[in-house]
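Written below as structure tokens is the structure these notes are about.
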Amino acid sequence: MAKNTPKEYRNQVMYSVFVRNHSEEGTFEAVRRDLERIKGLGVDIIWLMPIHPIGVKARKGTVGSPYAISDYRAVNPDYGTLADFQRLVDDIHRLGMKCIIDVVYNHTSPDSWLLAHHPEWFYRRADGSFGNHVGDWSDIVDLDYANPGLWEYQIETLKYWASMVDGFRCDVAPLVPLDFWLRAREAVETVRPGCIWLAESVEPEFIRFAREQGITALSDSEIFQAFDVSYEYDIYQDFMDYLDGKRSLSRYAQAIDRQEAMYPDNYVKLRYLENHDRLRAAASIPGEAALLNWTAFLYFQKGMTLLYGGQEVSCSHWPDLFEKDPVDWTAGPDRSEQLRRLYRLKQHPLLTHSSYCVSARPGDILYAVHQAGGRQLVGIFSMKGNQGLVEVEAPDGRYPNLADGGQVEVKFGRVSCQGRPVIFESATPGRA
């Protein structure tokens, strides 16, 4: 974990925007017009997926992946001009939010400005041709960080954008050397003090695969030296295995618990039910009751919450990365009111500084607790909408249910779970 990472990032919500697909228009200006609504959901940080021009050579699909970048120092003309981008960022700031942009530093498109002007900065295969280490990424070529000149160029590019935005989401960050990220963080701090650094970390299986191929692949323990926030791909498979019926809920709870002991005291994980590389939550979590509980648990978790544009209206369609595929804003049901209430919960001080533990209870119920200073925040989440009595470690009494504004009663050390999320604050056991 970066030594100066503030724990207050755990109280924040990030909203991911794919500019091309956010609207029929697919422009910076269309996103700008939607900012008031996004802010109203309870959002602190807007993450714009890559804003740069997309390569034409070896392009996948009609319009190509935004992660096959042809020029790091320009904006995609399909989205608008640099002035349009700056106007968008200015309005994000006016509304009290921050803006981060995607940094894709492992690779470029095969027809990038960088390859044309500095071919010596790129990876070459044994036959001398340009290529990449991961075969199915056929629309990109890898950079080679053995070249000091590349480091200087990339860091200067970061400083250029840091004069406008508040941070960076770094694509496949583990494939770029740790020393580069450490140096980049130090340099950018001179331009943007408190810059936000989010790492797209990778799954344990990918790390093993890469290392077998002799490729740099940083673990979360390494990533956390340079970054403030990291993806939770270290436990994502446990989450999906539970949804797919391959593993128990206990396995997933144990995976979360391990994070609390493995990482530094100020660790911040990016918590999500979906992102642009994974299935929509409304598609992978069947049933309204289950989705209601998983959404509440998402906000209750220790870490920063991620929403992917369209999640608030329960979109189930996974947007295409390679085609124009606008979000269906009428997909429904609309979860905006739940998100606004949960955002208020997200500001609770026990979500900032606490000891966090999660366990599975009978009936596919997760029981989670944040505890500090003689107080606790208790969460009961019925992951399949089941009803039942749940044993709790809290004094008997009535408490406000912070999940929905109702009341929850603890009687004889039990709470009646009606299939909806329950969140309440109480004294810790023995401190009533």
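The values are calculated or read from the model by the stated rules, or taken from the named source; none is laboratory data. Everything quoted here is computed from the prediction, not taken from an experiment. Here the Cβ is made from the backbone with ideal geometry for all residues, glycine too, and neighbour counts use every protein chain on show. The area values use the complete protein model at the heavy-atom level, side chains included, leaving out ligands, DNA and RNA. Shrake-Rupley method; radii C 1.70, N 1.55, O 1.52, S 1.80 Å.
Points worth noting:
- Between the stretch 338-375 and the stretch 112-136, the Cα center-to-center distance that results, in Å: 47 Å
- Virtual spin-label span in nm between R37 and N386, 7 Å along Cα→Cβ: 3.8 nm
- Protection proxy ranking of 176-182, 210-216 - average other beta-carbon atoms within 10 Å, highest first: 176-182, 210-216
- Between I215, M164, P204, the Cα set farthest toward the positive side of the dipole of the stretch 137-227 (charges on each charged residue's Cβ, about the Cα centre) is that of M164.
- The coefficient of translational diffusion for the stretch 200-300, derived via Stokes-Einstein from the alpha carbon Kirkwood radius under 20 °C and 1.002 mPa s, stands at 144 µm²/s.
- Rounded if a/c under 1.5, otherwise prolate or oblate - the stretch 233-283, Cα gyration tensor axes: oblate
- Averaged per residue, the chain has 39 square angstrom of accessible surface, using a 1.4 angstrom probe with ligands and nucleic acids left out.
- Here the stretch 297-397 was treated as a single set of alpha-carbon atoms; its pair distances binned every 5 Å from 0 give 2, 11, 16, 17, 18, 15, 9, 6, 3, 1, 0, 0 percent.
- Label-point gap, in nm, between S416 and D334 - each point 7 angstrom along Cα→Cβ: 3.2 nm
- Viscosity 0.692 mPa s, 37 °C: Kirkwood-radius Stokes-Einstein D of the stretch 123-238 over Cα pairs, µm²/s: 215 µm²/s
- Each peptide in 413-426, 287-300, 243-256 receives the mean, over its residues, of other Cβ atoms within 10 Å, and ordering these scores from highest gives 287-300, 413-426, 243-256.
- Helix-only [θ]222 nm of the chain, DSSP H runs n ≥ 4, -39500 (n - 2.57) each, per residue, nearest 500: -8500 deg cm²/dmol
- Shape descriptor for the stretch 96-146: Rg over Rh equals 1.11 (Cα atoms; Rh from the Kirkwood inverse mean 1/r).
- Highest average packing first - 55-62, 357-364, Cβ atoms within 10 Å: 357-364, 55-62
- Shown here is the pair-distance distribution of the chain: with all Cα-Cα distances grouped in 10 Å bins from zero up to the longest one, the shares run 4, 21, 31, 25, 13, 5, 1, 0 percent.
- The stretch 210-271 and the stretch 382-432: distance between their alpha carbon centers, rounded to Å: 29 Å
- Violating pairs (Cα-Cα greater than 30 angstrom) within the set K269/K384; K57/K98; K7/K411: K57/K98; K7/K411
- Placed amide H near C195: partners under 5 Å, 5+ positions off or other chain: none
- Shape call, the stretch 1-120: gyration tensor on alpha carbons, a/c limit 1.5: oblate
- Put simply, the amide H of I51, placed in the peptide plane, has neighbours under 5 Å in D102, leaving out anything fewer than 5 places away on its chain.
- Signed unit charges on C-beta, dipole axis of the chain, positive-most listed residue G55, C195, Y263: Y263
- The stretch 29-86 shape via C-alpha gyration tensor axes, a/c threshold 1.5: prolate
- Percent carbon-and-sulfur accessible area, the chain, ignoring ligands, DNA and RNA, probe 1.4 Å: 50 percent
- Working from Cα pairs under 8 Å separated by at least six residues, relative contact order for the stretch 1-97 is 31 percent.
- Förster radius 30 Å - calculated FRET efficiency between M240 and Q86, Cβ distance, rounded to 0.05: 0.15
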